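To start, the structure under review is shown below, and the notes come after it.
Nothing in this text is a laboratory measurement; each read-out follows from the coordinates by a stated rule. Quick caveat: nothing in here was measured; it's all calculated off a predicted structure. Reconstructed Cβ throughout: ideal geometry from the backbone, glycine too, with neighbour counts over all protein chains shown.
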Amino acid sequence: MHNLITLFIEQIKETTWLQWLAVILGVAEVLLARYNNIWLYPTGILATVLSIFLLMEVQLYAESALNVYYVVMSVYGWVYWIKKRDQPPVKITYSTRNEWIISLAISLIGWAVLYVLLKSFTPSNVPVWDAFVSSTAWAGMWLLARRKMENWIFLNISNLFAVPLLFYKKLPMFGVLTIILFIVAIFGYFEWKKQVEGTKLKAGNL
């Protein structure tokens with residue numbers, strides 16, 4: 001326990017202001033997502049761009065490439081979410097059968113593809129675990145972009161497996177951050193659920 005606390009303190013001391021900014025923006029993105037606020041996308045894009053720069057700086061090229069996906073999905077989600085002049089804003093809904101199939105395909109196929117890439121082109125010693133964390137996050141981001149309730153489920157599956165992975169990699173600060181994001185995502189799920197049920201109630205009273 002003493003060694004873990006010491007490592008945690010050292011990690012904080014070694015964190016640059018740019019890393020802190022990326023972490024703060026990342027937390028802000030999840031909080032904005034919880035309250036169904038469109039500003040989650042520009043906030044997330046900035047956080048991810050900073051993360052790409054920081055990961056490239058320490059030569060984590062595979063992780064940098066994965067973050068490019070998050071930028072693309074955030075831009076897609078931002079455009080998809082924006083209220084058009086002749087259309088109402090996109091409402092929060094539950095995933096259809098086809099969207100479930102697509103989400104599972106992203107998770108499972110993405111897991112396999114990422115595993116092969118990590119195993120073949122990187123010195124990763126946890127390719128299976130690392131690939132699974134990323135592929136489930138991919139599915140969650142896709143669902144978030146479409147304002148689907150299940151995005152929180154996939155994102156928290158990713159968070160759940162990411163926590164022990166981060167501690168194993170001796171990154172306790174980011175492990176604690178992921179635990180916080182896990183808790184926020186739970187509240188986000190119930191916040192969105194309340195909005196969905198409220199919309200159904202209003203529709204039933206019309």
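The table for this structure:
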{"quantity": "Rounded, prolate or oblate (a/c below 1.5 giving rounded, otherwise prolate when a/b exceeds b/c) for segment 95-169 by Cα gyration tensor", "calculated": "oblate"}
{"quantity": "Peptides 105-113, 90-98 ordered by average Cβ neighbours within 10 Å, highest first", "calculated": "105-113, 90-98"}
{"quantity": "Peptides 178-188, 136-146, 154-164 ordered by average Cβ neighbours within 10 Å, highest first", "calculated": "136-146, 154-164, 178-188"}
{"quantity": "Cβ-Cβ FRET estimate between residue 102 and residue 24, R0 fixed at 30 Å, reported to 0.05", "calculated": "0.40"}
{"quantity": "Cα gyration tensor category, rounded, prolate or oblate, for segment 144-184 with a/c compared to 1.5", "calculated": "prolate"}
{"quantity": "Projected area, mean over directions - segment 65-194, Cα convex hull, nm²", "calculated": "8.6"}
{"quantity": "Built amide H within the under 5 Å cut-off of residue 150, gap 5+", "calculated": "95"}
{"quantity": "Karplus (6.51, -1.76, 1.60) ³J(HN,Hα), θ = phi - 60°, over segment 130-146, in Hz, Gly and Pro reported as x", "calculated": "4, 5, 5, 4, 6, 5, 5, 5, 4, 4, x, 5, 4, 5, 4, 4, 9"}
